[in-house]
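Q: Below is a structure I'd like to ask you about.
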Amino acid sequence: MHTGTLRPRGGEQRVTSTELFFDLVYVFAVTQLSHLLLGHLSGRGAAQTLLLLLAVWWAWIYTAWHTNWFDPDRPSVRIVLVAVMLASLVMSAALPRAFGEHGLMFAGAYVAVQVVRTACSVAAAPRGPLRRNLTRVLAWAVLSGAFWIAGGLAHGLSRELLWAAAVGADLLAPWVGFVTPGLGRSATTDWSIDGAHLAERCQLFLIIAFGESILVTGATFAAHPSAAAGAALLTAFGASVGLWWTYFGSSAEAGSRMIAAADDPGRLARSAYTFLHLPMVAGVVVSAVADELVIHHPGGHTAPGTAIAVLGGPALFLTGHALFKRAVWGRVARSHLAGVLVLAALGALTPLVPPLALAACATATVAGVAAHATVARRGEPRARRPDRHPGGPPPPRHP
């Protein structure tokens, strides 16, 4: 790899077929995570699934940053992505038993993804702020990798604690600028990125999550067809459409324009996309679990785990989307907060209604938020798209 592998700047950068091919592995990863949560629907199971989801997201989002800097159409960059794809496939295969006999397999694959890809980035970057930044990222990848490998060698609670420390290091690193002894720290202005490209990548990962949810819904209904299951299918599909509409119908494209026109796109990419898309992804994964539970058992008593999944999935998504809108536009999405409060209040119905009725109430709540977002869309702040000029894009226009 050499400096000629950098993406050109100055024009609109679209997601390449190489990146889309790479994402296929993460369809499998999201499916594995939803099945893991479904099979371990408890507090500890949810915590373990969250740890693994954080690792999967971190592996993917750092690769998205990598392809924002380096051109995936270059053969040397493609080779790196294919190698990372293979390691990601191993990591995804190990997910169901990551807290059992496949712990070291999972940890080793994850560390290989993070360390090898970042080392290749350092080797490919030209001398200057980008290389120094990537060197700091590599130092933190090695640090967290030590905790991941140690956890893979440990067992039981020790593994969970070591992996929690690893995740903590991964989450902390961007907020402290990857500060490294002897190398200083990075500023967000050092992260020269194409904001619109990174926004599109995060949108596509949400599509992956929604696709897994639709797949689970259809497969579960096919295995248990009945009139009640059909009603549950319609309810689940409606919830997926509502969540999708809430994001893609009101803020996805506008958010892309805002980050593309921002004075410091690196700061917005770190907060709004790297971190705040994660709760939305988690919400879709939890909703997929809820869909399978409700279609499989639409009637009868609503178990606490089912209720938490049915109400918690949309609540997670709406919370993440509200925080995303707050980061991008600096204002609170009151309709989202109202939706979360309604979902929390619906928990009181758990002992009184069957799973299908509770899911229908949750779907109606999501539909209300989506409808409000559609009506309010004309008031959304938008960035202008004037002709480009040597000084870079102008700041966004506010109403």
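Q: Only one residue in L51, L20, L24 is assigned to a helix (DSSP H, G or I) and open to solvent by less than 50 Å² (accessible area, probe 1.4 Å), so which one is that?
A: L51
Q: Same structure again: Scan the stretch 272-314 for residues that are part of a loop (DSSP other than H, G, I, E, B) and either without any contact (Cβ under 8 Å) to a residue 40 or more places away in the chain or open to solvent by 10 Å² or more (accessible area, probe 1.4 Å) (or both) and jot them down.
A: Hits for the stretch 272-314 are L276, H297, P298, G299, G300, H301, A303.
Q: Of everything in the stretch 70-81, what is in contact (Cβ under 8 Å) with a residue 40 or more places away in the chain and either closer than 24 Å to V167 by Cα or of a type in the set (A, V, I, L, M) (or both)? Give them in sequence order.
A: Of everything in the stretch 70-81, those that are in contact (Cβ under 8 Å) with a residue 40 or more places away in the chain and either closer than 24 Å to V167 by Cα or of a type in the set (A, V, I, L, M) (or both) turn out to be V77, V80, L81.
Q: Can you go through G11, G39 and tell me which one is open to solvent by 20 Å² or more (accessible area, probe 1.4 Å), in contact with a Pro (Cβ under 9 Å, 6 or more places away or on another chain), modelled with pLDDT under 95 and of a type in the set (G, A, S)?
A: Among G11, G39, only G39 is open to solvent by 20 Å² or more (accessible area, probe 1.4 Å), in contact with a Pro (Cβ under 9 Å, 6 or more places away or on another chain), modelled with pLDDT under 95 and of a type in the set (G, A, S).
Q: Scanning the stretch 245-271 for residues that are assigned to a loop (DSSP other than H, G, I, E, B) and within 21 Å of W175 (Cβ to Cβ), which turns out most open to solvent (accessible area, probe 1.4 Å)?
A: Only one residue tops the list, namely D263.
Condition check ((1) over 24 Å from A231 (Cβ atoms); (2) part of a helix (DSSP H, G or I); (3) of a type in the set (D, E, K, R); (4) open to solvent by 20 Å² or more (accessible area, probe 1.4 Å)) across all residues:
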{"position": "H321", "(1), (2), (3), (4)": "yes, yes, no, no"}
{"position": "V332", "(1), (2), (3), (4)": "yes, no, no, yes"}
{"position": "V342", "(1), (2), (3), (4)": "no, yes, no, yes"}
{"position": "L358", "(1), (2), (3), (4)": "no, yes, no, no"}
{"position": "A367", "(1), (2), (3), (4)": "no, yes, no, yes"}
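Q: Ok, one more. Does the stretch 186-206 include one or more residues that are in a helix (DSSP H, G or I), at pLDDT below 95 and farther than 24 Å from R14 by Cα?
A: So far as the stretch 186-206 goes, no, none of its residues is in a helix (DSSP H, G or I), at pLDDT below 95 and farther than 24 Å from R14 by Cα.
Q: What are the pairs, 6+ residues apart or on separate chains, where a residue within the stretch 113-136 that is touching a residue at least 24 places away in the same chain (Cβ under 8 Å) and among the hydroxyl-bearing types (S, T, Y) has its Cβ under 9 Å from a residue that is open to solvent by 40 Å² or more (accessible area, probe 1.4 Å) and not in a helix (DSSP H, G or I)?
A: The qualifying pairs are S121/M1; T135/L183.
Q: Which is buried (at least 23 other Cβ atoms within 10 Å of the Cβ) and either over 26 Å from T274 (Cα atoms) or touching a helix residue (DSSP H, G or I) at 6+ places or on another chain (Cβ under 9 Å) (or both), of L198, L143, L233?
A: Being buried (at least 23 other Cβ atoms within 10 Å of the Cβ) and either over 26 Å from T274 (Cα atoms) or touching a helix residue (DSSP H, G or I) at 6+ places or on another chain (Cβ under 9 Å) (or both) holds for just one of L198, L143, L233, which is L198.
The values are calculated or read from the model by the stated rules, or taken from the named source; none is laboratory data. It should be emphasised that the depicted structure is a prediction, and the values quoted were computed from it without experimental measurement. With ideal geometry, Cβ positions are generated from the backbone for all residues, glycine too; neighbour counts draw on all protein chains shown. For the accessible areas, the whole protein counts, side chains as well, though only heavy atoms, and no ligand, DNA or RNA atoms are used. Shrake-Rupley method; radii C 1.70, N 1.55, O 1.52, S 1.80 Å.
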